[in-house]
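The structure appears below as structure tokens.
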């Protein structure tokens, strides 16, 4: 019986693909701590909220030095503007003119900003700064609240501006 | 001997004298063979003090965010020395303790797992020679073919032997679920560089690499762990790899939306343009060099393609009017640098040198005109047009 059970377990493991039994099981806690990815549908967005008005203070103290008081850019590229420039000789790619998903703003600000102290902003501050960046681009109002429900619903102006890789578009076939 | 070279020679002679190698320390240009014992054995080798090839380090306000390029004209063969591999960092080089660093594999798997470096080194390993090329390599050429030399225009590409665990082995250990169609890989740099990749590529030839050119991966290249994604743009070869999450759709991270997407003339942008198309560059003679005079010159260069091996490199010594095949140095490996050579007798007149690569899929490297006709001038990434070097009657080599 014991042998049979062992054989059964072994068979299940092999069918499952596990072969070497190297590595240890990850705990739910360590997965939760590491997994800060925010996909477009907003899965993983934490509780909290913020408006553009709420975000002005933290933005002016922690973001404006590099990105400009109105998101026009300074030491770093602009966050706002560029509407209607993508098909011109001088395209200006900003959050407002180019980024396809609003969730990406939360994802990136939360994990990587401010540059000199990444991870500094809590959830409310991150929602507020995200709201302000959207507002500076005229996408939401000054008092529109961003939270786990509202942020994924924001439709970015260039949401439909991305196409699949259809190369090779050059490089004629040799005979 | 020019003054700066003489100074260098004097310095080196000084060093040698201190080491008891050349007691005279004279400035003569004639080589004097050593008359005393040389240096003792040592634990870790360094190159000769006479060798000074370096990556040019640009003067940046924030040197943690930037890049250096491989000096392609001064490397030989197909392996880039690890010390000269190009760098592109988005938030500096983290210092990671290999005893503490782990790889978390989770998401749409039956068994989320944590691997230590020791765990990974127990698993079946594989070594392969692959190029890594930044998607932005030659990006400046979109607007005008302006790079002054081969390193400036092509140096965000390097080639190494990478050793690690095939990613498919780790996915099998964790039990990949059927709904798992993509993965998102994250680095341990402070910006947590993250990129999504289709699961087919992960199951094909991706490596979780811990070694480069026979030793541990260099810190600038992702020590202690790097995802190697053969033939795909450099940015998805996530350095300082700390987690892989299996997902059902791309995560749409900052670096796969706002960056590393290719803006076309009509204002739309191609996304997930992973593959690096065939490319070649003549490294000798190339921009900034000078031919000593008419007569025999061996034209040399490198070609590579993310679609497979290099099948052919054509050389034109008359600005593209006629083409002849270059000799290709074996081995010609898929998704790796291939060295080409072509014997040329320069007649001392002005002309243009051009190379074009053809890969094993039949793809031929396009001209700049073909590329811009297809995509416009604003793509920023994935420029692979042929490079024209102008040879002057005085032997000078300039951008064409």
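Every read-out reported here was derived from the displayed coordinates using simple, explicitly stated rules and does not represent laboratory data. On a predicted model such as this, the values are computed, not experimentally measured, just so you know. Here Cβ is always computed from backbone atoms with ideal geometry, including for glycine, and neighbour counts include all displayed protein chains.
Take each of the peptides B:225-234, B:58-67, average the number of other beta-carbon atoms within 10 Å over its residues, and list them starting from the highest.
On the way: B:225-234: 24.7, B:58-67: 12.2.
My ranking of the peptides, most packed first, is B:225-234, B:58-67.
Take the convex hull of the alpha carbons in chain B; its mean projected area over all directions comes to 23.0 nm².
Average partner chain C-beta neighbours within 10 Å, per residue of A:159-167? Mind dumping the intermediate values first?
Details: counts 0, 1, 8, 9, 8, 4, 9, 2, 10.
Mean partner-chain Cβ count within 10 Å for A:159-167: 6.
Panel order for A:95, A:109, B:313, B:236, by other beta carbons found within 10 Å of each beta carbon, from fewest to most: A:109, B:236, B:313, A:95. Contact order, relative form, for chain B: 15 percent (alpha carbon pairs under 8 Å, 6 or more residues apart, mean separation divided by residue count). Across the range B:197-336, Cα-Cα pairs more than 25 Å apart make up 48 percent of the total.
Legend: mean number of C-beta atoms from other chains within 10 angstrom of residue C-beta atoms, peptide B:254-265, equals 5. Where in the range B:278-318 is the amide nitrogen less than 11 Å from a point lying 7 Å along the Cα-to-Cβ axis of residue B:394? The answer is none. Mean separation of Cα pairs under 8 Å and 6 or more residues apart, divided by the residue count, gives the range B:126-232 a relative contact order of 28 percent. Compactness of the range B:102-265, taken as the C-alpha radius of gyration over 2.2 N^0.38 Å, stands at 1.07. Rounded to the nearest 10 degrees, the inclination of helix A:103-112 to the longest alpha-carbon principal axis of chain A is 80 degrees.
Based on Cα atoms of the protein assembly as shown, Rg over Rh with Rh as the Kirkwood radius reads 1.01.
If packing is taken as the average count of other Cβ atoms within 10 Å, what order do B:136-142, B:37-43 fall into, highest mean first?
On the way: B:136-142: 20.0, B:37-43: 6.6.
The peptides rank, most packed first, as B:136-142, B:37-43.
Shape summary: the range B:279-399 maps onto an equivalent ellipsoid whose semi-axes, from the alpha-carbon gyration tensor, are 24, 18, 11 Å in decreasing order. The calculated 222 nm mean residue ellipticity attributable to helices in the protein assembly as shown amounts to -5500 deg cm²/dmol, summing -39500 (n - 2.57) over DSSP H runs of n ≥ 4 and dividing by all residues.
Over the range B:279-399, what is the relative contact order in percent, taking alpha-carbon pairs closer than 8 angstrom and at least six residues apart? Write down the numbers at each step before the final one.
Numbers: 287 pairs, mean separation 39.8, N = 121.
Contact order relative to length: 33 percent.
According to the calculation over all Cα-Cα pairs in chain A, the P(r) per 10 Å bin from zero is 9, 28, 24, 14, 12, 9, 3, 0 %. GNM on chain B, C-alpha springs below 10 Å: top fluctuator among B:367, B:163, B:70? Maximum among the listed residues: B:367.
If packing is taken as the average number of other Cβ atoms within 10 Å across a peptide's residues, how do B:297-305, B:347-355 rank, most packed first?
Numbers: B:297-305: 23.6, B:347-355: 17.1.
The peptides rank, most packed first, as B:297-305, B:347-355.
Considering only A:83, A:93, A:19, the mean-square fluctuation computed in a Gaussian network model of chain A, springs between alpha carbons under 10 angstrom, is largest for A:19. With bins 10 Å wide beginning at 0, the percent of Cα pairs of the range A:95-175 falling in each bin runs 17, 40, 22, 10, 7, 3, 0.
Need one value for B:179-191: mean number of C-beta atoms belonging to other chains within 10 Å of its residues' C-beta atoms.
Working: counts 0, 0, 0, 1, 0, 3, 0, 5, 0, 0, 2, 7, 6.
The mean count of partner-chain Cβ atoms within 10 Å per residue comes to 2.
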